[in-house]
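Take a look at the structure set out below.
The values are calculated or read from the model by the stated rules, or taken from the named source; none is laboratory data. Remember, it's a predicted structure, so these values are computed and weren't measured experimentally. Quick reminder, even Gly has a Cβ in these numbers, built from the backbone with ideal geometry, and neighbours come from all protein chains shown. Just so you know, the surface numbers come from the protein's heavy atoms only, side chains and all, with ligands and any DNA or RNA stripped out. Shrake-Rupley method; radii C 1.70, N 1.55, O 1.52, S 1.80 Å.
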Amino acid sequence: MFKKIMLVLLAALVVIQFIHPKKNTSEGPQPNYIGNNYAVPADVKTILDKACNDCHSNNTRYPWYAKLQPVDWWMNDHVVDGKKEINFDEYTNRSPRYQYHKMEEVIEQVKEREMPLKSYTWTHKDARLTSDERVKLTGWAQSVMDAMKVKYPVDSLIRPKR
């Protein structure tokens, strides 16, 4: 009986290797990219590229092990969830209030070391942010918020307290 169960499990493992979610990739420039409306300095772009964009953009760099199931499904869930939270390639397609709030969250989560996720930095050692990189990233997010305050009335950016 045990042998039959193991054979069924092995067969299932083989079969799922042929079932993969759609990859998170896109061609060409992204018209709603945050950098089209707000300055993204080269050092901040480097930080975003190495630690954020795999889950928070329309282009994920997939490692070799993403070809294996169920790892691919697990990674896809992270990417889908990450893009729901903030997608830097679709950032300017959202309301100013949403944009402002997401920069507040970037600052909070980077300062609290909630981002990048530990499960991501385990396999992407270069995505571990130094203290200096955290300061640069949060400073940039604050500069985006400051630029928005100049461009829009403050009451249109901040949710009224209930």
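Only one entry of Asp72, Asp54 meets the criterion of being more than 15 Å from the chain's Cα centre (by Cα), buried (at least 17 other Cβ atoms within 10 Å of the Cβ), among the charged types (D, E, K, R) and not in a loop (DSSP other than H, G, I, E, B), and that entry is Asp72.
Tallying residues that are more than 20 Å from Tyr38 (Cα to Cα), small (Gly, Ala, Ser) and open to solvent by 30 Å² or more (accessible area, probe 1.4 Å) within the stretch 121-162 yields 1. The residues of the stretch 33-47 that are in contact (Cβ under 8 Å) with a residue 60 or more places away in the chain and either outside any helix (DSSP H, G or I) or open to solvent by less than 20 Å² (accessible area, probe 1.4 Å) (or both), listed by number, are Ile34, Tyr38, Ala39, Val40, Pro41, Val44, Ile47. Considering the conditions (1) open to solvent by 70 Å² or more (accessible area, probe 1.4 Å); (2) modelled with pLDDT of 95 or more; (3) under 15 Å from the mean Cα position of the chain (by Cα), Lys118 is excluded by exactly one of them, (2). Only one of the listed residues (Tyr38, Tyr33, Tyr98) is hydroxyl-bearing (Ser, Thr, Tyr), under 15 Å from the mean Cα position of the chain (by Cα) and within 26 Å of Leu137 (Cβ to Cβ). That residue is Tyr33. Gly28 satisfies every condition listed in (1) touching a residue at least 40 places away in the same chain (Cβ under 8 Å); (2) more than 16 Å from the chain's Cα centre (by Cα) except (1).
Here the stretch 72-122 is the region considered, the condition is being among the β-branched types (Val, Ile, Thr) and touching a helix residue (DSSP H, G or I) at 6+ places or on another chain (Cβ under 8 Å), and the residue that is nearest to Ala51 (Cα to Cα) is Thr121.
None of Val144, Val106 is of a type in the set (Val, Ile, Thr) and touching a residue at least 60 places away in the same chain (Cβ under 8 Å) except Val144.
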